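Chemist: Please see the structure below; I have some questions.
The values are calculated or read from the model by the stated rules, or taken from the named source; none is laboratory data. Note that the structure is predicted; figures quoted are calculated from it, not measured. Cβ placement follows ideal geometry from the backbone for every residue including glycine, while neighbour counts extend to all protein chains displayed.
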Amino acid sequence: MTQIFLGSVGLYNLARKGLIKCFTGINSPYEEPLTPDLKISTKVPNETKCVEQILKLLEDRNFI
């Protein structure tokens, strides 16, 4: 089995061992947001357009 890490502490591994409860993707289902702040289409592979959408959202919210 491939070892999966999230950050430097290996959160996925801890969740698989049962040390973290309600971890999305391991022991808790993913729940799609009802009103996402940003929806990026992955049907057309255009990385530049996707990055532009993300940057615009971050700029509009004064994160960058």
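Chemist: Do you know which residues across the range 1-42 are surrounded by fewer than 10 Cβ atoms within 10 Å (Cβ to Cβ), β-branched (Val, Ile, Thr) and modelled with pLDDT under 85?
Modeler: So in the range 1-42, the residues surrounded by fewer than 10 Cβ atoms within 10 Å (Cβ to Cβ) come out as 1-3, 7-9, 21-22, 29-37, 39, 42.
Remaining after also requiring β-branched (Val, Ile, Thr): 2, 9, 35, 42.
The answer is Thr2, Val9, Thr42.
Chemist: Please determine, by comparing only the residues of the range 43-64 that are assigned to a loop (DSSP other than H, G, I, E, B) and of a type in the set (Val, Ile, Thr), which one is surrounded by the most Cβ atoms within 10 Å (Cβ to Cβ).
Modeler: As a first pass, look at the range 43-64 and keep what is assigned to a loop (DSSP other than H, G, I, E, B): 43-46, 61-64.
Going one step further and asking which of them are of a type in the set (Val, Ile, Thr), we end up with 44, 64.
Values: Val44: 7, Ile64: 9.
Among those residues, the one meeting the criterion is Ile64.
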